[in-house]
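Colleague: Let me begin by handing over the structure; questions about it come next.
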Amino acid sequence: MAAIAGLGVLAGMASGTARGQAAASASEPHDVISLWPNGTPGAVGNDPDRDVPTLTMWKARPEIATGSAAVICPGGGYGGLAMDHEGRQVAEWFNSLGVTAFVLKYRLGPRYHHPAMLNDVGRAIRTVRANADKWHIDPHRIAVIGFSAGGHLASTAGTHYNAGKPDSDDPIERVSSRPDRMILVYPVIALATPYSHKGSLRNLLGDHPSQELVESLSNERQVTKDTPPTFLAHTNADTGVPAENSLLFALALRKAGVPVELHLFERGPHGLGLGGGVAAYHVPAEPSFRAWPKLCETWLKNQGFLDRKAGGN
């Protein structure tokens, strides 16, 4: 049961280790970027772990760099962050493909509620896009990837973006927050359905959110023809976040005419990350699920994200 309890277990454990994980990532030889260096809007304190959202940059090696980038949203039920198997390991995988990766440390409940998390991921995408020249990134090839509740945040970024404010004094706020592609791995999506993950919903929206607010963040209902092309991976055996979350989102994308690729694996509990197992959370390896990164690599290649030239749309 511990292996398939999903976000309830992962969130509880992640919340207890989030500070240590954040400190560990900060001590590594990677640039840590404060999203709002002059102060986070809406912050309720100054705790660097809880009140200051950041991006940790993992640069692709120049000899293989494609110019593409990915913003990574680890999961944890909106109450913690699985910064290792859904952050660091994912960044290393992207680097192996020549993609520069940015691991997002976003604000969490119950200290924060929506829209703080959406503001953080939107600001993260804008930050990467606004610094594209400086970081040798194609501003039209910025993907967002999320796992579990981080998948909900990533899907929110792809359905609740805006074009920016051209007259803003802040150059970062002038550019779009729309991701060019989405990669959603066992994501929480359908908050307003029986397949919702209650812990994520509570941490994101509090104890008594309005039905209107819940439906507005049930992201399968927010898909339009302008939603970014999407890759989804889930397992049929996931009892923490049922596969219907991915299936409903894929159906909505199809209905809107948005390119979508969906892989539903028969076996595997919730929270597998890249599929190699997560000892800290007692999640065993699942050989079949380990196929999704290679499948995603092929998808990214077909999308032009692994070309060493400008591409994407």
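Colleague: Go through 95, 162 for me and flag whichever is touching a residue at least 12 places away in the same chain (Cβ under 8 Å), within 28 Å of residue 247 (Cα to Cα) and surrounded by fewer than 23 Cβ atoms within 10 Å (Cβ to Cβ). I'd like the intermediate steps shown before the answer.
Modeller: Values: 95 fails: within 28 Å of residue 247 (Cα to Cα).
Being touching a residue at least 12 places away in the same chain (Cβ under 8 Å), within 28 Å of residue 247 (Cα to Cα) and surrounded by fewer than 23 Cβ atoms within 10 Å (Cβ to Cβ) holds for just one of 95, 162, which is 162.
Colleague: Here's a follow-up. Only residues that are out of contact with any helix residue (DSSP H, G or I) (no Cβ under 6 Å at 6 or more places or on another chain), part of a loop (DSSP other than H, G, I, E, B) and either of a type outside the set (Ser, Thr, Tyr) or crowded, with 24+ Cβ neighbours inside 10 Å (or both): list them for segment 176-209, please.
Modeller: Of everything in segment 176-209, those that are out of contact with any helix residue (DSSP H, G or I) (no Cβ under 6 Å at 6 or more places or on another chain), part of a loop (DSSP other than H, G, I, E, B) and either of a type outside the set (Ser, Thr, Tyr) or crowded, with 24+ Cβ neighbours inside 10 Å (or both) turn out to be 178, 180, 186, 194, 206, 207, 208, 209.
Colleague: Taking the condition of being touching a helix residue (DSSP H, G or I) at 6+ places or on another chain (Cβ under 8 Å) and within 20 Å of residue 72 (Cβ to Cβ), how many residues in segment 246-283 meet it?
Modeller: Residues flagged as touching a helix residue (DSSP H, G or I) at 6+ places or on another chain (Cβ under 8 Å) and within 20 Å of residue 72 (Cβ to Cβ) within segment 246-283 amount to 13.
Colleague: For the subset of segment 276-304 comprising residues that are part of a helix (DSSP H, G or I) and among the small types (Gly, Ala, Ser), which member is surrounded by the fewest Cβ atoms within 10 Å (Cβ to Cβ)?
Modeller: Quick first cut of segment 276-304, residues part of a helix (DSSP H, G or I) only: 279-281, 289-302.
Keeping just the survivors that are among the small types (Gly, Ala, Ser) gives 279-280, 291.
Values: 279: 10, 280: 13, 291: 14.
For segment 276-304, the residue satisfying everything is 279.
Colleague: Okay, next question. Mind counting the residues in segment 249-275 that are surrounded by fewer than 18 Cβ atoms within 10 Å (Cβ to Cβ), outside any strand (DSSP E or B) and either among the aliphatic types (A, V, I, L, M) or free of Cβ contacts under 8 Å to residues at least 24 places away in the same chain (or both)?
Modeller: Qualifying residue count, segment 249-275: 3.
Colleague: Look through 255, 225 and report the one residue that is charged (D, E, K, R), at pLDDT 95 or above and farther than 17 Å from residue 189 by Cα.
Modeller: Details: 255 fails: farther than 17 Å from residue 189 by Cα.
When all the criteria are applied, what remains is 225.
Colleague: Within segment 284-301, which residues are in contact with a Leu (Cβ under 6 Å, 6 or more places away or on another chain) and either under 18 Å from residue 76 (Cα atoms) or modelled with pLDDT under 95 (or both)?
Modeller: The one that is in contact with a Leu (Cβ under 6 Å, 6 or more places away or on another chain) and either under 18 Å from residue 76 (Cα atoms) or modelled with pLDDT under 95 (or both): 286.
Colleague: So the check is Cβ under 9 Å with 6+ separation or different chains; which pairs have a first residue in segment 138-150 that's among the basic types (Lys, Arg) and a second one that's assigned to a strand (DSSP E or B)?
Modeller: Pairs that qualify, where the first residue is among the basic types (Lys, Arg) and the partner is assigned to a strand (DSSP E or B), are 141/69; 141/181.
Colleague: Let me ask another. For residue 231, state whether it is in a helix (DSSP H, G or I), crowded, with 18+ Cβ neighbours inside 10 Å, aromatic (Phe, Trp, Tyr) and in contact with a helix residue (DSSP H, G or I) (Cβ under 8 Å, 6 or more places away or on another chain). So that I can check it myself, show each step before the final result.
Modeller: Working: in a helix (DSSP H, G or I): no; crowded, with 18+ Cβ neighbours inside 10 Å: yes; aromatic (Phe, Trp, Tyr): yes; in contact with a helix residue (DSSP H, G or I) (Cβ under 8 Å, 6 or more places away or on another chain): yes.
So residue 231 does not fit the description; no.
Colleague: Scan segment 73-93 and tell me whether some residue there is within 15 Å of residue 30 (Cα to Cα), assigned to a strand (DSSP E or B) and touching a strand residue (DSSP E or B) at 6+ places or on another chain (Cβ under 8 Å).
Modeller: Our first condition is that a residue be within 15 Å of residue 30 (Cα to Cα); within segment 73-93, this holds for 83-84, 87-92.
So of that shortlist, the ones also assigned to a strand (DSSP E or B) come out as none.
For segment 73-93, residues within 15 Å of residue 30 (Cα to Cα), assigned to a strand (DSSP E or B) and touching a strand residue (DSSP E or B) at 6+ places or on another chain (Cβ under 8 Å): absent.
Colleague: With a cut-off of at least 3 residues that are in contact with a helix residue (DSSP H, G or I) (Cβ under 6 Å, 6 or more places away or on another chain), name the helices (runs of 4 or more DSSP H) lying wholly within segment 105-174.
Modeller: Working: elements: 116-130, 132-135, 149-159.
Hits in segment 105-174: 116-130, 149-159.
The values are calculated or read from the model by the stated rules, or taken from the named source; none is laboratory data. Since this is a predicted model, take the numbers as computed values, not measurements. No Cβ is skipped: glycine too gets one built from the backbone with ideal geometry, and neighbour counts run over all protein chains shown.
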